[in-house]
Amino acid sequence: MKLDVETLRYLSKDDFRVLTAVEMGMRNHEIVPTELVDRIACLKHGGTYKVLKNLLKHKLLHHDSSKYDGFRLTYLGYDFLAIKTLVNRGVFTAVGRQIGVGKESDIFEVATEDGTVLAMKLHRLGRTSFRAVKSKRDYLRHRTSYSWLYLSRLAALKEFAFMKALEEHEFPVPKAVDCNRHCVVMSLVQGYSLVQVKQLENPDVVFETIIGLVIRLAEHGLIHCDFNEFNIMIDDNEMVTMIDFPQMVSVSHRNAQMYFDRDVECIFKFFRKRFNLSFHEEKEAIDQSELDEDESGWPCFSSISKSAGFLDKELAASGFTRKDQDDLEKFVEGKAEQDVGSDEEELVDEGHVFDGQDGANIRSLSFLRLEDQNEQAVVSHDDIDVDESSLQAFVNDANGDVGGENKKEKEVDGEITNENENDAELAKRLNKQRRQAVAAARGRRRALSARNSYKDKGGKSSQNAKIQKQLACW
Ligand code: ADP
Ligand code: MG
């Protein structure tokens, strides 16, 4: 997926406000009714409808009118919200080019104020699942767009938490810098994915290091679950860094042995094929109860002294809860059982293997500087993360009065124009809704489109103020 951050420069404070309103509405609407977006965003002069048109044009939103007029965020819209928040926090100031693409993520270079280049991973759960194996996967059937955003956010949170915890226990992982929504920022690994490496000076040493990592992870109570040549980076000194942690499970998981063996097998297979390492016996021939490792070096899961829960404290400290883990596991597990060996085919088929070396050269980058953009767009250093319960209460209780005060003010500043013939119908509708909103603000009638049948129930909510406060920073 393309990430055209150029657009980010031109987005105004109001654009982000409306984008955020859609995000908030998506917590309990697959498609957020246009009217609800308007009420959450609470822009003056019925401005929401004009902004919606602009966001649609830039593909940050998707419009759906099958049940009622409404919008949902696209991944690009979600990307922009995360990037904006991280830029506002001062985590980075520029986005560079794409340096990697995983099955369910896109990785970009970003640069900090002082020119340090970091890696930004945008999680995109559901991307390949939809494309490749949709029909086979029951567990995906009832996923809504919001679930994908939610799962991607969980995946990012989990990856961030695990990376931090592993780093604290001196595992060779990238340094976790920050996380927002579905986006993780980490240090840039100088090196290449093992899959790109054709020759090694000391393949046995690298092999042993890698198998040693699988064992040490298990001793710390963890199994990587996707430990293969795509998720191991190696530098010019043949030092190893492991990446990609959203699918990790505990050694107490009911399929732990299977996941462990699968990780080990991937490594054996790869080193056998690529570097001609020979292992004397196949795993099946070994009586594992008697040996920690067989003659070929195959580690035995049951004889590793594992300490489950070892990293629990660190994980909890990063905000990754047991419920998050359960939610994510339901999804990842279904995938894990079907994904064995699919990595290589998919990436190679699509020509998606990136040359890691290019990525390390900052001088070759044409960064998009974000800090100098439109002043309005960088007004606040506050995060816009929203308290779930306030939104729930808001959506349940809000009535048509939300923001009425603000809307009293008058003046329609120009109609939404129609640049694309196909959008004619939508533009017309947005214009109509906009006029109605303005009229409603003037107290003539309520801003309800005849076509838009969506209505909130309940009375005025004290939560409205909270929501408006949260949005105030935009
Ligand atoms: P996925 O979960 O989608 O498989 P990964 O985390 O494995 O995503 O990243 C995909 C690719 O992006 C990796 O194979 C690697 O080439 C590159 N990559 C990921 N993280 C980094 C990083 N911190 N530094 C440099 N390259 C990275
Ligand atoms: Mg990967």
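The values are calculated or read from the model by the stated rules, or taken from the named source; none is laboratory data. Keep in mind the model is a prediction, meaning the values are calculated, not measured. Don't worry about glycine lacking a Cβ; one is built from the backbone with ideal geometry, like all the others, and counts go over all protein chains shown. Ligands, DNA and RNA are stripped out before the accessible areas are found, and what is left, the full protein with its side chains, is counted by its heavy atoms. Shrake-Rupley method; radii C 1.70, N 1.55, O 1.52, S 1.80 Å.
With the whole protein complex present, residue 76 retains an accessible surface near 20 Å², based on a 1.4 Å probe. Ordered by solvent-accessible area of protein heavy atoms (1.4 Å probe), largest first, the residues 23, 168 come out as 168, 23. With the alpha-carbon atoms of segment 1-130 aligned to their principal axes, the span from lowest to highest coordinate is 44, 36, 23 Å, starting with the largest. In terms of distances greater than 26 angstrom between alpha carbons, the cross-link table entries 59/432; 103/323; 121/164; 67/323 yield 67/323.
With Cβ to Cβ distances under 10 Å as the rule, what net charge do the other residues near residue 191 carry (K, R +1; D, E -1)? Intermediate results must be reported in sequence, preceding the final value.
Details: positive: none; negative: 235, 236, 238.
Within the 10 Å Cβ shell, the charges total -3.
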